[in-house]
Structure formats: structure tokens, C-alpha cells
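What follows is a single structure, written as C-alpha cells, with notes after it.
The values are calculated or read from the model by the stated rules, or taken from the named source; none is laboratory data. These figures come from a predicted structure and were not determined experimentally. When we count neighbours, we look across all protein chains shown, and the Cβ atoms used for this are built from the backbone with ideal geometry, even at glycine. Remember, those area values only see protein heavy atoms, side chains included, never the ligands or the DNA or RNA. Shrake-Rupley method; radii C 1.70, N 1.55, O 1.52, S 1.80 Å.
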Amino acid sequence: MWRRRPALLPLAFLRLAVLVLSLCSVETLVLPCSYGNAPRNGARGTAIRCKAFNLGNLFGEEEEKLEVPKNVAEMVSGLKSSTENSLNQGCSRLDIEFPPSFRLGVEDKSQKSSMVADKQSKDLVLKEVARGDRELARLFVEMLEAIGPGLVVAFRTSSLEKAAKKRWKLDKVNEAQVISFFDSKKSAFASEVEAPAQFNQKLRKLDCKCLLVVAPHLDQLRFVAQLSKEVQDQMGIILLNSRIFGNRKVKAPPRLKNFIKKEFDPAFHVRFFENDQWPKNSMIYRQVSKSGDAPWIIAVQRQLVGGAVVTKEVLRSQEEPNEEAIEAAFKKYAESSDVSDKVADFLEQGE
């Protein structure tokens, strides 16, 4: 059984992380690949067990207007703001999603996706997908650096764990700890009983206060769901690129899928649609504001000649829209084309 710690301890670490987030600039989050030895210092989506510790408007900033980001800098800024707002609202379970193999420029600043809805080939190279997951995880390691070694990053395989350690070169004493899940290729008994127990023991030994789960497999998601029930608000859990939300076909039992969707708040999502019948570079976006407002935004982005990016919002909804609602929104969008759309058509950069 998981030994229950006093509830104030994890919340104190999250409170400190929020303060650090509020003081960080966007530039401090987008990092080069060589970090060297530079010094570094529960959501529940529902109201159940949501221990709010809203720090208020410390710096007198105005409520941000939620809009779809047009570039990587705006995307990172939105991620930082949404994470801060979610933590301030007492959320200890977050789900974050970026497009597969999206280039944040963390490992190589010269390689950034110029558009947020930068749709790539469907034949995504696994190596690039892994890099995209790793860059997102590295971003969170910096954002939550105040938690120190209490922040644990879990990759789905030991090879991905080793690749991250080789790239990041973290301080083993003062920074996040990187581990991997159990080997899902073992026997059913080992996967369902022995390995999760060993992983639990590992987390206790590391004194984990916040767990970052990077692109988990189905069996690992099942374990995370069980872990979430056991630790309750004694540990923060953030899913990175779980791909469990949305209208996509996910090979997961309905009960597990529904639990994850109820338990974890989709605090920051950027997903492009794969339906060829819908406009090119169409996407769905969600970000949490200071007030807690977090609409789902359907939009179409285009990159014009010269690099300028234009965004047209198609739908804004408090609930994640289903496929029928999205289809209707795009139909209305096609019927309401105006002069600005014709100009954009003319200036749109060819692929």
C-alpha cells in the first residue's frame, strides 16, 4: 500500500512551482540541447478532491485573451500560462498534448515548426515522434524545476529513458529524476502484478511528488489510473501525449478511457485533424485561463508567402466538440468565405 503523506507537502511543492512559473520568461523555457552544469534551482478535472490554492493576481496582469498560437514562442507561452493557471486552481491531474513529432526547438533551436498546425506526413518516423515527446518532457522539467528531485519523468521504455538522460545531462541531486516503466513484453502476470508493484516501490524510494508520464502505452495508462486512485492528492500526475482525448479511435477499454478523461484535465491541447475532407491545417486548441475558462477552439491556419501566419476561428465550445459538430462548423466556414479568405488563398504559401 502507498503510505499516505501529509497533504500539505505536495501542495507546497506545487505552490513553489507555480511561483517559479509566474516569474519565468518564455525565453528561459526554450532551451538549447546542451544544458551542461548550469545552476537550477490534484486536478482533478472535476471538483472532487480539488484543493485550490489560487495565488491571485500577484502582478496585476490582465486576463489573457485565449487565441490559437501562431508560432512556437506563443505556443510555449500558452503552455506555461495554462499549466500555471491549472496548478493555481488546485489541479493535480493534467493531460498535455502536442502534435506528433512537433519541433519545439528545445534540442535544436534551428529546427522549429513555423506553424502550430504544421501537418506532417502520415508516415511519421518513430525517431522523430520520440524526439517530440522528449522535447515536451524537457520543457516541463524546466517549468517545474522548483520541485527538484521530487519531479520524476517516466518514459515507456528503458531505451527512451537512456536517450533522455544522454540528452539532458541532469544533476542527479538537485534536478528531476528520469526512469522508465516496466517491460510490457514480459508475461501477463509480470506486466499486471509484479512490474507495477516494482514501479510503485521505485516511486516511493524516489520520494516522487510529481510524476510526468511521457507517451505511455495502454498497459502503462492502466497502471497510471490505478496509481492515481491510490495516491490521490499526495502526488501530482501529468500525462504528456497520452493521445487519449479526441474523437480518434483509441484501443483502450471504454472504462479506462472514460476514467482518464474524467480524472485528468486536458489543460493544454494542440491537435491537427487528419480528416482529408476538412480544410488543410485545421486544428483544435485548448488552454486554461486564469479564471478557469478553457474553451475548445476549432481553427484553420495558413502560412502565407513571406512566412506570415493567419488564423481563422471556426468554432468555440465549452465542451470538446464531436465529429458532427466539427463537420457542421467547417461546412459553415466554407459557406461564409469572404474577401479576406480569397486574399489568403492567393497569398498562401505552396507546399
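Structure values in brief
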quantity: Cβ pairs under 9 Å, 6+ apart, first in the range 176-205 and over 21 Å from residue 137 (Cβ atoms) and open to solvent by 50 Å² or more (accessible area, probe 1.4 Å), second among the charged types (D, E, K, R) and at pLDDT 85 or above; calculated: 192/219; 192/222
quantity: Residue in the range 239-248 that is open to solvent by less than 40 Å² (accessible area, probe 1.4 Å) and either more than 26 Å from residue 82 (Cα to Cα) or assigned to a strand (DSSP E or B) (or both) present; calculated: yes
quantity: Residue pairs meeting the criteria (Cβ under 6 Å; at least 6 apart or on separate chains; first farther than 14 Å from residue 92 by Cα, in the range 259-272; second open to solvent by 20 Å² or more (accessible area, probe 1.4 Å)); calculated: 269/286; 272/119
quantity: Filter result for residue 236 (open to solvent by less than 10 Å² (accessible area, probe 1.4 Å), within 19 Å of the chain's Cα centre (by Cα), under 18 Å from residue 177 (Cβ atoms) and not charged (D, E, K, R)); calculated: yes
quantity: The listed residue being closer than 22 Å to residue 98 by Cβ, in contact with a helix residue (DSSP H, G or I) (Cβ under 6 Å, 6 or more places away or on another chain) and surrounded by 13 or more Cβ atoms within 10 Å (Cβ to Cβ), out of 300, 314, 270; calculated: 314
quantity: Residue 286 vs. criteria among the charged types (D, E, K, R) and surrounded by 17 or more Cβ atoms within 10 Å (Cβ to Cβ); calculated: yes
quantity: Meets criteria (loosely packed, with under 15 Cβ neighbours inside 10 Å and on the phi > 0 side of the Ramachandran plot) for residue 276; calculated: no
quantity: Tally, over the range 210-227, of residues that are among the small types (Gly, Ala, Ser) and closer than 15 Å to residue 157 by Cβ; calculated: 1
quantity: Total residues in the range 306-343, condition at pLDDT below 90, of a type in the set (Gly, Ala, Ser), more than 20 Å from residue 276 (Cα to Cα) and not in a loop (DSSP other than H, G, I, E, B); calculated: 1
